[in-house]
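Asker: Can you read through this structure? Questions will come right after.
Just so it is clear, none of the values below were taken in a lab; they were calculated from the coordinates. All figures in this text were calculated on a predicted structure; none of them were measured in a lab. All Cβ positions, glycine included, derive from the backbone under ideal geometry; neighbour counts span all protein chains shown.
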Amino acid sequence: MCGILAVFGCIDNSQAKRSRIIELSRRLRHRGPDWSGLHCHEDCYIAHQRLAIVDPTSGDQPLYNKDKTVVVSVNGEIYNHKQLREKLSSHQFRTGSDCEVIPHLYEEYGEDFVDMLDGMFSFVLLDTRDKSFIAARDAIGITPLYMGWGLDGSIWFASEMKALSDDCERFISFPPGHIYSSKQGQLRRWYNPSWYSEHIPSTPYDPIVLREAFEDSVVKRLMTDVPFGVLLSGGLDSSLVAAVACRHLADSEAARQWGSQLHTFCIGLKGSPDLKAAREVADYLGTRHHEFHFSVQEGIDALEEVIYHIETYDVTTVRASTPMFLMSRKIKSLGVKMVLSGEGSDEIFGGYLYFHKAPNKKEFHEETCRKIKALHLYDCLRANKSTSAWGVEARVPFLDKEFINMAMSIDPEWKMIRSDLGRIEKWVLRNAFDDDQKPYLPKHILYRQKEQFSDGVGYSWIDGLKDHANKQVTDAMLMNGSFVYPENTPTTKEGYYYRTVFEKFFPKNAARSTVPGGPSVACSTAKAVEWDVAWSKNLDPSGRAALGVHAAAYKEDVDTKYANTMNRSPKS
């Protein structure tokens with residue numbers, strides 16, 4: 001991942017302003033420690049902090065077209081850049097960077113080229129000929145982007161909120177699948193797949209088509225000129241990523257540079273479910289496995305730094321980001337700069353345990369659509385910012401644009417959890433890779449129950465966080481929470497504690513408005529809480545809150561009472 005910062009229409013274009021832009025861009029250097037770049041054109045500034053993954057020697061940014069009239073700063077990877085270069089045979093390229101196709105595509109096709117890109121990306125492009133500019137974000141929001149407005153009429157874009165929050169009066173999370181055009185003066189959605197309307201699809205389930213689509217997605221993400229590996233929790237999703245990568249690594253260009261043995265990484269409290277399962281999968285696949293441990297206290301000690309980097313106070317995200325943040329530091333110390341990860345599968349296939357209670361295929365499908373649309377606020381944010389904090393790039397094969405379109409076209413009746421037919425959560429995915437002739441994974445791993453990352457690293461992790469928050473936040477503080485935090489009022493002491501840390505770093509109203517709210521059980525949307533009356537009494541995002549579903553669910557008589565205490569609202 002890289003860090004981008006762009007400012008257009010500054011009244012002040014003095015040396016002092018240039019120095020200020022450089023200072024703000026430095027706040028993103030953790031994302032791109034390999035090189036810094038800055039292009040100034042009158043009252044426009046485009047800065048870049050580079051993490052070199054493809055063409056490390058010559059792909060520094062900003063990047064340009066042939067005569068340097070078009071300038072672009074990009075955060076991301078364009079997996080189909082070689083095919084796009086063939087379409088641009090008359091253009092002259094300076095580097096081997098995958099992102100260099102963007103200024104040339106703009107030159108050739110104007111502003112309507114974004115849907116041609118296959119990858120994860122956020123970019124800002126300036127056409128110096130008329131001082132027009134565009135900004136765009138990938139379909140799902142795998143890479144972060146924020147947009148802000150200064151009191152002087154300037155418009156800002158940055159990879160992280162911390163680079164613009166001090167200098168902008170208002171700022172927002174740039175919506176995924178959108179482009180901003182200065183010529184039109186507004187945002188418009190460029191990503192318009194059929195599933196976005198939430199109409200119920202009817203395509204029959206074909207396990208071979210599903211399997212081949214996912215394998216293609218993993219293979220294209222092996223594009224790298226630096227050492228890489230796979231984040232392996234031992235759950236279904238990360239295990240499938242590792243299994244497919246192992247099968248195809250030997251034939252990739254990456255293997256010729258870095259060898260054909262895949263590196264895998266896992267973190268957890270000693271004795272955690274993930275560590276045991278990941279070790280078993282790694283042994284089965286023959287990977288070079290790296291197992292990291294952390295203590296509850298080490299995680300608690302890192303919380304403030306984690307919240308600063310991930311820029312959210314969402315409880316689920318903080319819980320899961322902390323071990324991922326600690327693991328990324330260890331990974332970077334080994335010289336690895338890119339990892340594959342399993343985010344997105346649960347949203348596409350209804351893998352969270354609360355989907356067991358979906359009343360029908362219509363509500364099941366609509367919930368998956370809502371979950372995918374919100375990924376940029378949760379799992380994508382976590383995966384990107386937790387790893388980028390240490391200069392590591394996370395790639396997510398399940399969120400491949402073509403794979404999502406195919407998987408979301410399947411009749412959701414096939415995705416429904418049907419115990420009478422032996423179908424557990426994500427059965428369509430498990431079944432697609434259930435190959436007796438050439439097994440991808442051991443059967444018990446292939447059919448392991450869903451375990452959320454914050455649970456799988458060790459159940460005492462969440463319990464420890466709650467205990468720590470109980471010591472930091474008094475009953476009176478929580479009771480008066482609606483007066484202190486009238487927007488997105490915390491309903492638990494844990495949520496209140498995270499909010500106080502967030503507000504210390506990001507005190508503006510605009511900052512807190514970038515974080516979603518609402519009731520949730522086991523990572524559900526607020527709408528899905530309605531599926532079970534009992535859930536409204538046990539609103540916790542842990543998978544163990546799926547009472548009657550998770551094998552290690554909270555005990556209703558103890559934990560529901562605790563949840564009710566923590567979720568009470570102050571009396572008016």
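Asker: Using 30 Å as the Cα-Cα cut-off, could you pick out the over-long pairs in Lys330/Lys466; Lys82/Lys361; Lys68/Lys330; Lys330/Lys415; Lys373/Lys537? Please report the intermediate quantities before stating the final value.
Answerer: Numbers: Lys330/Lys466 26 Å; Lys82/Lys361 40 Å; Lys68/Lys330 40 Å; Lys330/Lys415 37 Å; Lys373/Lys537 26 Å.
Where the Cα-Cα span goes over 30 Å, the pairs concerned are Lys82/Lys361; Lys68/Lys330; Lys330/Lys415.
Asker: Kindly identify the chain as rounded, prolate or oblate by the Cα gyration tensor criterion: order the square roots of the eigenvalues as a ≥ b ≥ c, call it rounded if a/c is under 1.5, otherwise compare a/b with b/c, prolate if a/b is larger, else oblate. Please list the in-between numbers first.
Answerer: On the way: a/c = 1.61, a/b = 1.21, b/c = 1.33.
Taking the square roots of the gyration eigenvalues as a ≥ b ≥ c, the chain is oblate.
Asker: Return the aspartates and glutamates within reach of Lys504: Cα separation strictly under 14 angstrom, same-chain partners fewer than 8 residues apart disregarded; answer none if there are no such residues.
Answerer: Once the sequence-local aspartates and glutamates are set aside, what remains near Lys504 is Asp166, Glu304, Glu305, Glu311.
Asker: Then there is this: For segment 289-335, which trypsin sites (Lys or Arg not before Pro) are in a loop by DSSP, counting at most 15 other Cβ atoms within 10 Å?
Answerer: Working: sites: Arg319, Arg329, Lys330, Lys332; in loops: none.
Here no loop site has a sparse enough neighbourhood.
Asker: Can you tally the net charge around Gln257? Count Lys and Arg as +1, Asp and Glu as -1, for every other residue whose Cβ sits under 15 Å from the Cβ of Gln257.
Answerer: Numbers: positive: Arg256, Lys337; negative: Asp55, Asp225, Asp251, Glu253.
Spelling it out: positives minus negatives among the neighbours equals -2.
Asker: If you average the sequence gap of Cα pairs under 8 Å that are 6 or more apart and divide by the length of the chain, what percent do you get for the contact order? If you can, show how the numbers build up before the last one.
Answerer: Values: 1128 pairs, mean separation 77.0, N = 572.
Relative contact order for the chain comes out at 13 percent.
Asker: Continuing with this model, one more query. Quick one: grab the alpha carbon gyration tensor of segment 416-505, order the square roots of its eigenvalues as a ≥ b ≥ c, and give me rounded if a/c is under 1.5, else prolate or oblate depending on whether a/b is larger than b/c. Before the final figure, lay out the partial values.
Answerer: Details: a/c = 3.65, a/b = 2.86, b/c = 1.28.
It comes out prolate by the Cα gyration axes.
Asker: Still on this structure, please answer the following. Counting pairs of Cα atoms in segment 237-311, how many percent are more than 15 Å apart? Display every interim value, and only then the final one.
Answerer: Numbers: 1759 of 2775 pairs.
When every Cα pair of segment 237-311 is considered, 63 percent fall beyond 15 Å.
Asker: Okay, moving on. Once the convex hull of the alpha carbons of segment 119-166 is built, what does its volume come to per residue, in cubic angstrom? Intermediate values should be presented prior to the final figure.
Answerer: Numbers: hull volume 4.0 nm³, N = 48.
For segment 119-166, the hull spanned by Cα atoms encloses 84 Å³ per residue.
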